[in-house]
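Heads up: the structure comes next, in structure tokens.
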Amino acid sequence: MLSPSDIKPSLLKISDTLSVRFQKTGNGPPLLLIHTIRTQLEYFRSLAPLLAGSHTVYAIDLPGHGHSPIDSTASFDEPYFRRAVIGFIGELDLSNVTIVGESIGGALALTVAASLPQRVKRVYAINPYDYETRYGDGIRRGNWLANFIIGSLQIPVLGAVNASLENKMILGKIMGGDITIPAGCRPICSPSSTKSPTARDTSGSHARCWLVGDPGARPATTIGRSRLR
């Protein structure tokens, strides 16, 4: 049996201007891996073999990443990447898909699942990137230091200087600022449906997966939160 490293990636044409490089390994229910920004499908070279024992694993290069072609006329924003992932799933006619994504891949896993509830069964969104209107807007909302440091990374010379301040103290202050839970959002330790209404899940891990159509979904959404299975 070939190991994942022996299987050469393929290029799937989705449209005249959009193609996605991918690698398929394993056998079982389909599982799609979506990498972080500025990486490629080889990002999952250690994880894919572990999952391939129980799933058919599809690891992809997002458009303009790795060896997926670059469309110079495209706007490389979330809707564009989402259309690419949706097109990939549609071209291969995948159903009951589990999507695993990190950072930009985590955000895309959620938005793709919301767009394709009939095809996506489960989502694992790891450290999902917060898309907004400004560069790094999600983390910039944390506190004034995060707004200053992250925002300045776009500025020539000053950006390089501030990027060099990536140390434990600075990162601690950036990552430690002001996270709130708006009214109506479920807390991270959700009451378990199998326990009393006031009981809390106090297990060591607060990992969650998203199931399409979960009854715990917030109003006006099609995805909700449940225990990791």
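The values are calculated or read from the model by the stated rules, or taken from the named source; none is laboratory data. Computed from a prediction, not measured in an experiment: that's the story for all the values here. Note: ideal-geometry Cβ built from the backbone for every residue, glycine included; neighbour counts use all protein chains shown. Surface accessibility is based on the protein's heavy atoms, side chains included, excluding ligands, DNA and RNA. Shrake-Rupley method; radii C 1.70, N 1.55, O 1.52, S 1.80 Å.
All but one of (1) among the hydroxyl-bearing types (Ser, Thr, Tyr); (2) surrounded by 15 or more Cβ atoms within 10 Å (Cβ to Cβ); (3) assigned to a loop (DSSP other than H, G, I, E, B) hold for residue 43; which doesn't?
(3)
Residues that are among the aliphatic types (A, V, I, L, M) and in contact (Cβ under 8 Å) with a residue 12 or more places away in the chain, at least 1 per element: which helices (runs of 4 or more DSSP H) completely within segment 119-169 meet that? Reasoning before the result, please.
On the way: elements: 137-140, 144-152, 158-163.
Ranges flagged: 137-140, 144-152.
Across segment 51-80, which residue is most open to solvent (accessible area, probe 1.4 Å) among those that are among the polar types (S, T, N, Q), out of contact with any Gly (no Cβ under 6 Å at 6 or more places or on another chain) and in contact (Cβ under 8 Å) with a residue 12 or more places away in the chain?
Start the filter on segment 51-80 by keeping residues that are among the polar types (S, T, N, Q), which leaves 54, 56, 68, 72-73, 75.
Still in the list and also out of contact with any Gly (no Cβ under 6 Å at 6 or more places or on another chain): 68, 72-73, 75.
Okay, now just the ones that are also in contact (Cβ under 8 Å) with a residue 12 or more places away in the chain, so 68, 73.
On the way: 68: 7, 73: 116 Å².
Going through the qualifying residues, I end up with 73.
Identify, please: which residue in segment 136-157 is over 19 Å from residue 103 (Cα atoms) and open to solvent by 70 Å² or more (accessible area, probe 1.4 Å) and is, among those, farthest from the chain's Cα centre (by Cα)?
157
(1) out of contact with any Leu (no Cβ under 7 Å at 6 or more places or on another chain); (2) in a helix (DSSP H, G or I); (3) under 23 Å from residue 118 (Cβ atoms); (4) of a type outside the set (Lys, Arg): which one isn't true of residue 81, the others all being true?
(1) is the only condition that residue 81 fails.
Taking residue 104, is it of a type in the set (A, V, I, L, M), within 8 Å of the chain's Cα centre (by Cα) and surrounded by fewer than 17 Cβ atoms within 10 Å (Cβ to Cβ)? Step through it out loud before you land on a result.
Values: of a type in the set (A, V, I, L, M): yes; within 8 Å of the chain's Cα centre (by Cα): yes; surrounded by fewer than 17 Cβ atoms within 10 Å (Cβ to Cβ): no.
No, not satisfied.
Out of 90, 64, 101, which single residue is modelled with pLDDT under 95 and under 17 Å from residue 22 (Cβ atoms)? I'd like the intermediate steps shown before the answer.
Working: 90 fails: modelled with pLDDT under 95; 101 fails: modelled with pLDDT under 95.
The match here is 64.
Give me the residue from segment 87-101 that is out of contact with any Pro (no Cβ under 8 Å at 6 or more places or on another chain) and open to solvent by less than 50 Å² (accessible area, probe 1.4 Å) and, out of that set, farthest from residue 28 (Cα to Cα).
87
Tell me, yes or no, whether segment 119-131 has at least one residue that is out of contact with any Cys (no Cβ under 6 Å at 6 or more places or on another chain), open to solvent by 20 Å² or more (accessible area, probe 1.4 Å) and of a type in the set (Val, Ile, Thr).
yes
Evaluate segment 13-22: report whether one residue or more is open to solvent by less than 40 Å² (accessible area, probe 1.4 Å), under 17 Å from residue 125 (Cβ atoms) and either at pLDDT below 95 or not in a strand (DSSP E or B) (or both).
No, because not a single residue in segment 13-22 is open to solvent by less than 40 Å² (accessible area, probe 1.4 Å), under 17 Å from residue 125 (Cβ atoms) and either at pLDDT below 95 or not in a strand (DSSP E or B) (or both).
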